[in-house]
Amino acid sequence: MTTAGRIGSEHGLPGHLVDFVAALRAGGVAVGPGETIAAAEVLGALELLHRDQVREGLAAALLRRSGQREVFDALFELYFPIAIGASTGEVDVPRVGDAEDGPVDIDALRDILADLLRDGDTAALAELARAVVDALGTSGAGGTGVRGPGAQPSWSAYQALRMLSPETLLARIMDDLRGDQEPDAFADEMTRREIRDRIAAFRKMITDEVRRRTAEIRGRDQVARTAVPKQTDQVEFLSAYAEQLTALRRTVHPLARRLASRLAVRRKHAKRGQLDMRRTLRRSMSTGGVPMRPAFKTRRPGRPELVVLCDVSGSVAGFSHFTLLLVQALREQFSKVRVFAFVERADEVTHLFEPGAELSGVMQRVLREADLVAFDGHSDYGGALAGFAEFYSDAITSKSSLLVLGDGRTNYRDPNLAVLKRLVGVARHAHWLNPEPRRQWGSGDSAALRYADVIPMHECRTAAQLADVVEALLPI
C-alpha cells in the first residue's frame, strides 16, 4: 500500500493532518490554527511520496523551536510511515544451517551491516533495519521466534540492537576505510565522526520501524502517548537518564537568555514606583489643589544577594546540577551569589561556580572536595540545616534571598524545622524548589509538607516548570 493510501484511508488527508497536529500538542509542541493551515498548504503543494520533502515542509510550518524536532520526527514516522511498496529490495537475513527458519547468523548479519555502514548506503540500511526487526526484534536469544498460540506479535528495538551491537563495528570499519594508507589524525577523526553518525542513524531506523509496527498492532494514538520521546524541557529531573540530563544542561544558557529578556520586558512595564506624595502635592498647587498629575518614585531594580542551599545526594543530583548552572548563568541579576551544598553536612562551594569556572565536571568536584558526608552518605536535612546555621549563619541577612533545592526526604531523621524557620525569618525572601511531584510530598520519609508550612515550596519536576518558577522569583 502506498503512503498516500495509508494516510488518507480513514479520515482523508485533512482529518489525518488534524490528528497529527493533536498528537504534536499532546507531546508539548504548541501548534496553533495558523500553523495548521500552513501545514495543510504544504501538503497540498508537495507530493506525499517524497517523504523527506513532506517532513521538512511540515517541520517548517509547524515548529517554532529547535527543541521540538525530536518529538516531531518521532510522530512523523507514525503518521506518515514509509511506503513499504516502494522498497528497493529485500535483504536476505543469513541463518545458521540450510533451514529457512533456523537461528539467525549474527556474525554474518554484522558483516552485512559493517559493509553498508562503510559504504553509507542509506536505502540499503533502511531495508536492513526492517529485516533485522523481522529476524531479531521478534525472536528469542536464538532467533527462533516462538510465541504462544493466539499471541500478538511484538517487537523490541533494544533486543535487536543489543544482539547486533553496531557501535562495536566502528574500529573494524575504520580499518577497512584506512587500508594501507598512512595514518592521518585529522582525516581519521572526521571519518570516525561520520561513521558514528551513520550508526546513530541506523539505530534510529530500528527504533522507528519498531514503533511503526507496534502502532499497527496497538494503535497509533497509544504509541504516540507512550513511546514518543518528550521534549527536553518536559523531561522530569528525577527520572531522566544520562543522555537526557546532558541535553538538559545544553539548554541552560538559551534558557537563561530567554529569562533575562523576559525580565527586561517586565522591568520596562514596571517603571513606575510608589506614589511620591510630596511631588504630587507640589504639582497640585498649579491646579487648585487637585492632584491632576500624580508623581511616582523612580524604580530601582533590586539586585539582592542570593544564597543557595542544595541537596547534592544521588536522588536529586541532576536537578541540583541543572538549577545551579541556571543560577550561575543568571548571576548578573544578583549582587552576590553564595552556594552551599549538603548531604549530611553543609559546606560552601561558591568558588566552584565563580564566573569563568569550568562547569563540565562541577558536581563531581563538589562531592570530592566538599565536606558533605558524616556517616552513611544519606540525606540529613536536619543535620545540614543545623550545621549551616552554626557555621554560615552570617550568609543570611535582611538583604538575602534564600533558595533551597531538594526533595525534602530526610530518611526519617529530624527535619529541624526550628532552624529553617529562623533562617527564613532573617532572609528577605525564601523559597524551596522541589523536583518531586506534589502528590508525593509527605509520603514515606518526605518532610516536604512540614517544610512547606515554614517556607514557600514550589514543584519543579521539569525544566519548563523550573523556568516558570525562576522567572516569577527573579527581582524586578
Of all the residues that make up the range 413-440, how many are surrounded by 20 or more Cβ atoms within 10 Å (Cβ to Cβ) and either part of a strand (DSSP E or B) or of a type in the set (F, W, Y) (or both)?
4
Would you pick out the residues in the range 285-324 that are open to solvent by less than 20 Å² (accessible area, probe 1.4 Å), outside any strand (DSSP E or B) and either of a type in the set (A, V, I, L, M, F, W, C) or in contact with a Lys or Arg (Cβ under 8 Å, 6 or more places away or on another chain) (or both)?
A295, P304, V312, V316, F319, H321, F322, L324
Taking the range 138-176 and keeping residues at pLDDT 80 or above and part of a loop (DSSP other than H, G, I, E, B) leaves S156, S165
Of the residues that make up the range 238-252, is at least one touching a residue at least 12 places away in the same chain (Cβ under 8 Å), in contact with a helix residue (DSSP H, G or I) (Cβ under 8 Å, 6 or more places away or on another chain) and under 15 Å from E77 (Cα atoms)?
no
State which residue is farthest from H429 (Cα to Cα) when the search covers only the range 325-353 and only residues that are open to solvent by less than 20 Å² (accessible area, probe 1.4 Å), part of a strand (DSSP E or B) and without any contact (Cβ under 8 Å) to a residue 40 or more places away in the chain.
A341
Sort out for me the helices (runs of 4 or more DSSP H) sitting completely within the range 177-255 that have 2 or more residues that are farther than 30 Å from D311 by Cα.
185-218, 220-226
Scanning for something assigned to a helix (DSSP H, G or I) and surrounded by fewer than 17 Cβ atoms within 10 Å (Cβ to Cβ), does the range 369-378 turn up at least one residue?
yes
Whichever residue in the range 229-243 is of a type in the set (S, T, Y) and open to solvent by 50 Å² or more (accessible area, probe 1.4 Å) and, among such residues, is modelled with the highest pLDDT
S239
Complete set of residues in the range 159-196 that are exposed (fewer than 14 other Cβ atoms within 10 Å of the Cβ), more than 19 Å from D119 (Cβ to Cβ) and of a type outside the set (D, E)
R162, S165, P183, A185, F186
Any chance R203 is closer than 14 Å to L113 by Cβ, open to solvent by 40 Å² or more (accessible area, probe 1.4 Å) and at pLDDT 90 or above
yes
Scan the range 108-131 and give yes if some residue there is at pLDDT below 85, open to solvent by 30 Å² or more (accessible area, probe 1.4 Å) and either closer than 30 Å to E216 by Cα or part of a helix (DSSP H, G or I) (or both), otherwise no.
no
Is there a residue in the range 455-473 that is under 28 Å from R303 (Cβ atoms), without any contact (Cβ under 8 Å) to a residue 24 or more places away in the chain, of a type outside the set (D, E, K, R) and buried (at least 18 other Cβ atoms within 10 Å of the Cβ)?
yes
Residue, modelled with the lowest pLDDT, within the range 20-57, restricted to residues that are under 29 Å from T122 (Cβ atoms), within 25 Å of the chain's Cα centre (by Cα) and open to solvent by 20 Å² or more (accessible area, probe 1.4 Å)
G27
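The values are calculated or read from the model by the stated rules, or taken from the named source; none is laboratory data. What you are looking at is a predicted structure, and each value in this text was computed from that prediction instead of being measured. Glycine gets a Cβ as well: all are built from the backbone with ideal geometry, and neighbour counts include every protein chain shown. When the accessible area is computed, the model is the full protein with side chains, heavy atoms only, and any ligands, DNA or RNA have been set aside. Shrake-Rupley method; radii C 1.70, N 1.55, O 1.52, S 1.80 Å.
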